[in-house]
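None of the figures in this text is laboratory data; all of them are computed from the coordinates on show. Keep in mind the model is a prediction, meaning the values are calculated, not measured. Quick reminder, even Gly has a Cβ in these numbers, built from the backbone with ideal geometry, and neighbours come from all protein chains shown.
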Amino acid sequence: MSTVALPEAPADQQFTSADWSLFAAISLIWGASFLLIDIGLDALHPGAITLARIVLGTATLAVLPRSRLRLEPGDRGLMLVVSIVWVGIPFTLFPLAEQHINSATTGLVQGAAPIFAILIATIAYGHRSTPALLIGLVLGIVGITLMSLPSIRDGASEALGVGLVVLAAFCYGLAQNMSRPLLQRYGSRPVMRRMLELAVIWTAPFGLFGVSRSEFEVGPVVAVVVLGVVGTGVAYLVMGALVRSVGAPRASFITYVIPVVSVALGVAFRDDEVAVLAIVGIAFVLAGATFAGRSRT
């Protein structure tokens, strides 16, 4: 396909109605993904969930037209790295983390992603530092600390789960910045399809190991199918379009809604419990992201 660079969106450009639709859709889809992972773990090994999710997501994008991609030589290395950072690592970490913490807490801690996206954009990509940005980053770091404290108090197992989710959030923040040039040059659908295809390779060994240690139950299998088709294939297509339209830092604000959705669904369907201190922490994180985001708009 042709490689036409898309113009950078102006920093002060408001969300269009289409942007808000993308924002709402991806927030709801990814907010529900933590519940679907939790249901899948009732019968399936974490590795099997990761591999099935990626394979189904890849198949979903493969049936759509105009999703093939011919990369320029200089972009091939970047694509490999993005496929690992945006899919291979975090998709492996989430099921592992949810063996130690519930789905509501997982979604709550994942709310740290915009702070990482903004921090990386500032340090590595030259975004202008302002007092509001610095205040936002400090609030975000305080929030991440507060979210982590209950898990440290409750023992090493929960602390490990929270640590895995924080690492996944960092990967998302990094990937959202790294992927923007690819999305601008090639479009969201081809980039997302290639990224998921490569991620199948990275996750296949652990996934095949997990398949042999899983059981077949209808509920968990259906949950993982929905997670793969909607929560991965459709979601990455929508997220790619949002990043390309409004930029990585502003697109990362989907995590304003993701924790709310994940907590509501976890409490409603799995009787999840969330520490009050963790909720206070996410309030700090979102306040920090708001400060930092406004400093560039």
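In what sequence do Phe269, Phe23 fall when counting other Cβ within 10 Å, fewest first?
Taking fewest neighbouring Cβ atoms as first place, the list is Phe269, Phe23.
If you plug each phi of the stretch 168-175 into the Karplus form 6.51 cos²θ - 1.76 cosθ + 1.60 with θ = phi - 60°, what whole-Hz ³J(HN,Hα) values come out, in order, with x for Gly and Pro?
For the stretch 168-175, the Karplus-derived couplings read 5, 5, 4, 4, 4, x, 5, 5 Hz, x marking Gly and Pro.
Below 12 angstrom from the Cβ of Leu108, what's the summed charge of the other residues (Lys, Arg +1; Asp, Glu -1)?
-2
Rounded, prolate or oblate for the stretch 71-211? Axes are the square roots of the Cα gyration tensor eigenvalues, ordered a ≥ b ≥ c, and the cut-off for rounded is a/c under 1.5.
oblate
Could you work out how far apart the two model spin labels at Ile201 and Asp42 are, taking each label as a point 7 Å from the Cα in the direction of the beta carbon, and quote it in nm?
If labels sit at Ile201 and Asp42, their model points lie 3.7 nm apart.
Suppose we take every Cα in the chain and form the convex hull; what volume per residue is that in Å³?
121
If you wrap a convex hull around the alpha carbons of the stretch 89-140, what volume per residue comes out, as a whole number of Å³?
Measuring per residue, one finds 81 Å³ for the Cα hull of the stretch 89-140.
Work out from phi, with θ = phi - 60° and the Karplus expression 6.51 cos²θ - 1.76 cosθ + 1.60, the ³J(HN,Hα) of each residue of the stretch 267-282, listed in order in whole Hz, and give x for Gly and Pro.
5, 6, 10, 10, 6, 5, 10, 10, 5, 4, 4, 5, 5, 4, x, 5
For the pair Leu78 and Phe216, what calculated FRET efficiency results from E = 1/(1 + (r/R0)^6), where r is the Cβ-Cβ distance and R0 = 45 Å, to the nearest 0.05?
Efficiency, from the Cβ-Cβ distance: 0.70.
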